[in-house]
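K.L.:
Take this structure first; my questions come after.
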């Protein structure tokens with residue numbers, strides 16, 4: 001169906017794709033795996049006409065084709081669903097789908113005809129999408145199916161899906177895979193870009209592994225396993241499971257009592273109470289957008305007190321109204337969920353980033369208000385060394401680092417504070433496997449040194465394997481507390497969607 | 001972005017000082033302003049040629065007259081002084097993510113206040129429109145009066161800029177709108193005060209009574225050998241250089257500057273880092289206004305020795321151009337201000353001695369420079385063909 005032959009793409013002096021060859025058989029589901037920056041997305045964007053390759057050929061249905069714009073790709077029957085949906089919230093499903101391919105004459109759009117066609121397509125693949133619903137009223141899973149419909153409506157025979165499961169709950173992933181299988185039965189071809197090995201094994205027929213811009217292997221899924229794929233992706237053996245001794249929790253460090261946050265509106269936090277004790281990791285599982293962000297920001301002092309109710313105590317001391325800086329001073333460190341939005345000053349160098357939050361006191365400041373540049377540099381070098389940040393140059397702007405290295409810098413900065421309480425959100429989002437392993441080990445070590453850790457992650461596997469106790473959040477409420485070792489992912493997944501109450505309530 | 005960091009890769013990572021890295025960074029920063037200036041001169045040359053003059057002769061006249069010793073250089077430095085201050089003012093605000101369009105209003109209020117202090121505390125009796133002599137409050141000696149007048153300039157400028165800062169921090173009012181409005185208010189108030197209260201009775205010119213002689217600051221010619229004292233460049237120019245150094249130290253070497261720059265770079269990250277973003281906005285505007293206010297020192301204490309209505313040759317707006325060309329860095333601001341001052345000085349000679357070209361050429365040149373600098377992203381994009389790719393992560 002689609003073949004990329006000797007495709008090379010260079011950005012500046014980075015070789016994003018180095019003579020790669022990918023062949024996708026018609027009527028199959030083909031997974032492309034690799035770490036961040038391995039070149040998966042670049043290759044697929046070339047196939048979809050977002051980028052033009054520097055050299056190499058694209059062959060569609062046995063013939064060499066020029067694909068220079070997405071229009072060319074669509075004309076050849078290639079569709080792509082992006083990680084971030086491209087939908088207009090205030091328009092209906094049908095309007096979104098026809099956008100850019102409106103039926104009818106130039107002046108009037110025949111929406112009724114479009115809605116009929118969409119309904120037919122939806123029924124054919126059992127997507128159960130109502131063409132007349134407004135996009136803003138749909139769940140994330142449904143929105144994704146709208147994106148699929150968009151491609152199908154344009155007669156795509158090959159669908160490229162970029163990290164499609166990142167936003168889905170375990171149940172939704174199952175449903176989604178069922179849809180992909182139906183598509184395969186109907187003769188469609190699917191390419192799925194992912195870094196989750198379990199999904200590769202569950203859904204694909206063939207898998208192409210990429211590393212550092214090169215294709216390092218093509219395998220039949222049935223003939224491989226997670227360990228082999230991980231090794232190919234990283235280039236060495238990787239510990240896939242978090243190994244940790246049992247927690248030996250001490251007294252409560254953080255006590256949250258009836259906390260409500262109205263900052264996020266619908267997605268706020270409603271009357272939440274829990275403790276985090278010294279030496280334990282408490283995980284918060286939930287589908288994104290169920291109040292996790294607001295919870296962590298409220299605990300970090302980033303929500304104005306007028307938008308909060310209830311009480312927060314740190315070591316018995318009321319900190320409900322304390323500012324972000326006061327909380328730093330009291331020993332709360334925070335690894336924010338979005339490193340670009342909150343965690344880093346991208347245009348500042350690593351040295352300057354390494355003091356954000358403590359820039360006003362020793363060791364950042366030496367005399368009066370003057371910064372101690374040498375001291376700051378030493379501190380940055382220490383973090384760079386201890387947390388293996390690469391390249392190890394404190395003069396580089398944070399922007400120049402890969403996501404994983406940016407994350408290691410933030411984690412290093414916060415860990416160096418020797419916090420009593422660590423708030424950590426999505427610690428490994430967009431981080432490659434090697435760095436994930438590293439970050440997980442550091443978190444467990446910090447726990448064993450007696451730090452209380454509150455961990456929020458959209459990766460269910462991550463929270464269940466790291467947390468000693470797991471709170472499940474749904475619509476801003478804690479709907480249950482479970483022992484992650486004794487609860488199946490399905491059960492937790494059900495609670496995450498409000499399906500079942502845990503034993504706490 | 002990757003070729004930009006080629007320099008970094010060549011660095012020895014653990015050395016605390018890397019000359020190669022610094023030079024490459026400097027070149028990178030300089031490249032665009034220099035290209036913009038060269039381009040402007042080429043386009044300007046074409047215009048000169050089209051109106052029927054010889055571009056090379058006109059440019060010789062333009063730059064040559066600005067660089068003659070002592071008059072050319074003396075006037076160039078004098079013209080540079082106010083726009084160094086306003087350039088710094090705009091740069092400081094910009095580092096905090098704010099566009100201070102109001103340097104004009106800040107320097108007017110500051111200049112008037114400086115004159116007022118130098119009259120009121122300098123023992124000057126003012127006989128205004130009413131014809132009734134108004135007695136001063138005190139007659140301070142120069143050593144006290146001059147620092148006091150300078151301080152007044154800074155504080156009044158800071159206050160005038162602090163108001164829009166506070167409005168932004170408190171109510172989210174956009175500083176571009178509020179500073180422009182504050183300009184109108186400033187001009188209105190100082191014109192009124194000059195006209196009705198501080199103008200000497202019978203004086204046909206819109207200017208205040210002269211300030212006390214004890215408040216005058218020295219012309220550079222009075223103590224620099226070879227520089228005639230008739231040239232108006234004065235101690236304020238030295239203060240401008242000091243201000244450049246202080247702004248650098250403030251922005252890059254103090255925790256306050258760190259907080260201002262962090263707020264400008266990413267307010268959400270600054271907030272996360274425990275920085276009070278609203279306070280930074282007010283602080284940055286106040287520092288910006290204080291710098292703009294220093295123009296009053298050059299004008300009142302160093303040159304006219306009175307408040308002269310509408311004295312500003314659009315210094316506040318020239319400051320925006322200077323900051324833009326100087327990449328919001330004190331060193332860049334200093335040299336950009338010198339360049340603009342040279343053009344201003346040379347323009348007068350072009351006007352007088354060339355056949356067809358008027359001094360408007362200078363404004364054309366300045367305009368083109370700014371146009372090029374402002375469309376930097378476009379040029380980087382189309383020259384490097386990295387326009388889109390630069391922003392996407394590989």
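K.L.:
Being within 10 Å of chain B (Cβ to nearest Cβ) and assigned to a loop (DSSP other than H, G, I, E, B): is that true of residue A:378 here?
P.N.:
On the way: within 10 Å of chain B (Cβ to nearest Cβ): yes; assigned to a loop (DSSP other than H, G, I, E, B): no.
No: the conditions fail for residue A:378.
K.L.:
If you go through segment A:427-446 one residue at a time, do you hit one that is assigned to a loop (DSSP other than H, G, I, E, B), away from every other protein chain (no Cβ under 13 Å) and under 23 Å from residue A:251 (Cα atoms)?
P.N.:
Keep residues of segment A:427-446 that are assigned to a loop (DSSP other than H, G, I, E, B), which gives A:427-432.
Next, from what is left, pick out any that are away from every other protein chain (no Cβ under 13 Å): A:427-429, A:431-432.
Now drop any that are not under 23 Å from residue A:251 (Cα atoms), which leaves none.
No: segment A:427-446 contains no residue that is assigned to a loop (DSSP other than H, G, I, E, B), away from every other protein chain (no Cβ under 13 Å) and under 23 Å from residue A:251 (Cα atoms).
K.L.:
Assess whether residue B:327 counts as being within 14 Å of chain A (Cβ to nearest Cβ) and at pLDDT 85 or above.
P.N.:
Working: within 14 Å of chain A (Cβ to nearest Cβ): yes; at pLDDT 85 or above: yes.
In short, yes.
K.L.:
In segment A:408-425, which residues are over 21 Å from residue A:347 (Cα atoms), within 13 Å of another protein chain (Cβ to nearest Cβ) and not in a strand (DSSP E or B)? Break it down stepwise before answering.
P.N.:
Just the residues of segment A:408-425 that are over 21 Å from residue A:347 (Cα atoms), to begin with: A:415-425.
Filter again for within 13 Å of another protein chain (Cβ to nearest Cβ), leaving A:417, A:423, A:425.
If the condition is that a residue be over 21 Å from residue A:347 (Cα atoms), within 13 Å of another protein chain (Cβ to nearest Cβ) and not in a strand (DSSP E or B), then A:417 is the only one that fits.
K.L.:
Restricting to segment B:216-234, count the residues that are out of contact with any strand residue (DSSP E or B) (no Cβ under 8 Å at 6 or more places or on another chain), part of a helix (DSSP H, G or I) and either within 14 Å of another protein chain (Cβ to nearest Cβ) or crowded, with 21+ Cβ neighbours inside 10 Å (or both).
P.N.:
0
K.L.:
Here's another thing I want to ask about it. Which of the helices (runs of 4 or more DSSP H) found entirely inside segment A:167-240 contain at least 1 residues meeting this: over 23 Å from residue A:38 (Cα atoms) and in contact (Cβ under 8 Å) with a residue 40 or more places away in the chain?
P.N.:
Details: elements: A:170-185, A:197-203, A:226-234.
Passing ranges, in order: A:170-185.
K.L.:
Sticking with this structure for a sec: Would you call residue B:162 assigned to a helix (DSSP H, G or I) and under 14 Å from residue B:104 (Cβ atoms)?
P.N.:
Numbers: assigned to a helix (DSSP H, G or I): yes; under 14 Å from residue B:104 (Cβ atoms): no.
So residue B:162 does not fit the description; no.
K.L.:
Now, a different point. Select, from A:43, A:16, the only residue that is at pLDDT 90 or above, crowded, with 20+ Cβ neighbours inside 10 Å and within 14 Å of chain B (Cβ to nearest Cβ).
P.N.:
Values: A:16 fails: at pLDDT 90 or above.
Matching residue, one of A:43, A:16: A:43.
K.L.:
On to the next question. Filtering segment A:75-92 down to residues that are buried (at least 16 other Cβ atoms within 10 Å of the Cβ) and not in a loop (DSSP other than H, G, I, E, B), which residue is nearest to the chain's Cα centre (by Cα)?
P.N.:
Going residue by residue through segment A:75-92, those that are buried (at least 16 other Cβ atoms within 10 Å of the Cβ) are A:76-82, A:85, A:87, A:92.
From what's left, not in a loop (DSSP other than H, G, I, E, B): A:78-81, A:92.
On the way: A:78: 25, A:79: 22, A:80: 19, A:81: 16, A:92: 27 Å.
The qualifying residue nearest to the chain's Cα centre (by Cα) is A:81.
K.L.:
Exactly one of (1) in a helix (DSSP H, G or I); (2) surrounded by 13 or more Cβ atoms within 10 Å (Cβ to Cβ); (3) at pLDDT below 95 is unmet by residue B:196. Its number?
P.N.:
The failed condition is (2).
K.L.:
Then there is this: Which condition from (1) in contact (Cβ under 8 Å) with a residue 60 or more places away in the chain; (2) closer than 19 Å to residue B:93 by Cβ; (3) surrounded by 16 or more Cβ atoms within 10 Å (Cβ to Cβ) is the one that residue B:170 breaks?
P.N.:
For residue B:170, the exception is condition (3).
K.L.:
Of everything in segment A:360-375, what is modelled with pLDDT of 90 or more and either under 21 Å from residue A:392 (Cα atoms) or more than 7 Å from chain B (Cβ to nearest Cβ) (or both)? Give them in sequence order. So that I can check it myself, show each step before the final result.
P.N.:
Just the residues of segment A:360-375 that are modelled with pLDDT of 90 or more, to begin with: A:360, A:369-375.
Correct list: A:372, A:373, A:374, A:375.
K.L.:
Just need a number here: residues in segment A:53-71 that are within 15 Å of residue A:151 (Cβ to Cβ) and either surrounded by fewer than 16 Cβ atoms within 10 Å (Cβ to Cβ) or in contact with a strand residue (DSSP E or B) (Cβ under 7 Å, 6 or more places away or on another chain) (or both).
P.N.:
1
Yes/no per residue for (1) surrounded by 23 or more Cβ atoms within 10 Å (Cβ to Cβ); (2) free of Cβ contacts under 8 Å to residues at least 40 places away in the same chain; (3) closer than 28 Å to residue A:314 by Cα; (4) assigned by TED's automatic domain parsing to the domain that holds residue A:280:
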{"position": "A:341", "(1), (2), (3), (4)": "no, yes, yes, yes"}
{"position": "A:348", "(1), (2), (3), (4)": "no, no, no, yes"}
{"position": "A:375", "(1), (2), (3), (4)": "no, yes, no, yes"}
{"position": "A:383", "(1), (2), (3), (4)": "yes, yes, yes, yes"}
{"position": "A:389", "(1), (2), (3), (4)": "yes, yes, no, yes"}
{"position": "A:400", "(1), (2), (3), (4)": "no, yes, no, yes"}
{"position": "A:407", "(1), (2), (3), (4)": "yes, no, yes, yes"}
{"position": "A:446", "(1), (2), (3), (4)": "no, yes, yes, yes"}
{"position": "A:451", "(1), (2), (3), (4)": "yes, no, yes, yes"}
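K.L.:
Can you tell me which of (1) within 19 Å of the chain's Cα centre (by Cα); (2) at pLDDT 90 or above is the one residue B:33 doesn't meet?
P.N.:
Only one criterion in (1) within 19 Å of the chain's Cα centre (by Cα); (2) at pLDDT 90 or above is unmet by residue B:33, namely (2).
For every residue, the table says whether it meets (1) part of a helix (DSSP H, G or I); (2) under 26 Å from residue A:348 (Cα atoms).
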residue	(1), (2)
B:177	yes, no
B:203	no, no
B:210	no, no
B:238	yes, no
B:243	yes, yes
B:246	yes, yes
B:252	yes, yes
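K.L.:
Need the failing condition index for residue A:405 against (1) in a helix (DSSP H, G or I); (2) more than 24 Å from residue A:460 (Cβ to Cβ); (3) facing another protein chain (nearest Cβ under 10 Å); (4) under 22 Å from the mean Cα position of the chain (by Cα), just the number.
P.N.:
(3)
The values are calculated or read from the model by the stated rules, or taken from the named source; none is laboratory data. Note that the coordinates shown come from a computational prediction; the quantities given were computed from them, not determined experimentally. Glycine gets a Cβ as well: all are built from the backbone with ideal geometry, and neighbour counts include every protein chain shown.
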